[in-house]
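See structure below.
The values are calculated or read from the model by the stated rules, or taken from the named source; none is laboratory data. It should be emphasised that the depicted structure is a prediction, and the values quoted were computed from it without experimental measurement. Ideal geometry is used to build each Cβ from the backbone, glycine not excepted, and the neighbour counts take in all protein chains shown. Just the protein is used for accessible areas: all its heavy atoms, side chains included, with ligands, DNA and RNA removed. Shrake-Rupley method; radii C 1.70, N 1.55, O 1.52, S 1.80 Å.
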Amino acid sequence: MTTRTRPPVVERWHHIVEHEDMAALEDLIADDAVFSSPAVFAPQEGKAKTVAYLRAALTVFSGAGFRYVDEWYNDDSAVLEFTADLDGIHVNGIDLIRWDDRGRIISFKVMARPLKGLQALIPLMAAQLGQS
């Protein structure tokens, strides 16, 4: 069943995005969370990796005109559509978020398009994560 009332988990996520509240991010992510990136083949398992990827994304998209343009909700999940501009390259994507009964995110999957946008995103994320 789809609802139009924004779930508390999504409200908390919006607060984190809008205020870059890293302490709130730590509290929102479950210990066994999994992050799935459009640029990394294997899912990143565990709270530490999920938080690291989300922090990197928040940093990369800060000042890039990042905004959510639409949202869809279920009882334990949401789809948030976003847009951003990375050095003149338009990025459009979705965040697929699932949470547990305690209101903590257990799965965060990002999909991004077009290919040129994803290609612009990959090195920026790698730099934030200390990868080469």
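Checking the stated criteria, ALA126 turns out to be open to solvent by less than 50 Å² (accessible area, probe 1.4 Å), of a type outside the set (S, T, N, Q) and more than 23 Å from ARG12 (Cα to Cα). Among the residues in region 69-85, are any under 14 Å from LYS116 (Cβ atoms) and within 11 Å of the chain's Cα centre (by Cα)? Scanning region 69-85 turns up no residue that is under 14 Å from LYS116 (Cβ atoms) and within 11 Å of the chain's Cα centre (by Cα). A search for C-beta distances below 8 Å between a residue of region 41-54 that is touching a residue at least 60 places away in the same chain (Cβ under 8 Å) and any residue that is assigned to a helix (DSSP H, G or I), counting only pairs 6+ apart in sequence or on different chains, returns ALA52/LEU129; TYR53/MET125; TYR53/LEU129. Among the residues of region 48-86, those identified as within 19 Å of ASP100 (Cα to Cα), open to solvent by 50 Å² or more (accessible area, probe 1.4 Å) and assigned to a helix (DSSP H, G or I) are ALA48, LYS49. I'm trying to understand the selection: among the residues of region 26-38, which are surrounded by 17 or more Cβ atoms within 10 Å (Cβ to Cβ) and at pLDDT below 95? SER37 - this is the single residue of region 26-38 that is surrounded by 17 or more Cβ atoms within 10 Å (Cβ to Cβ) and at pLDDT below 95.
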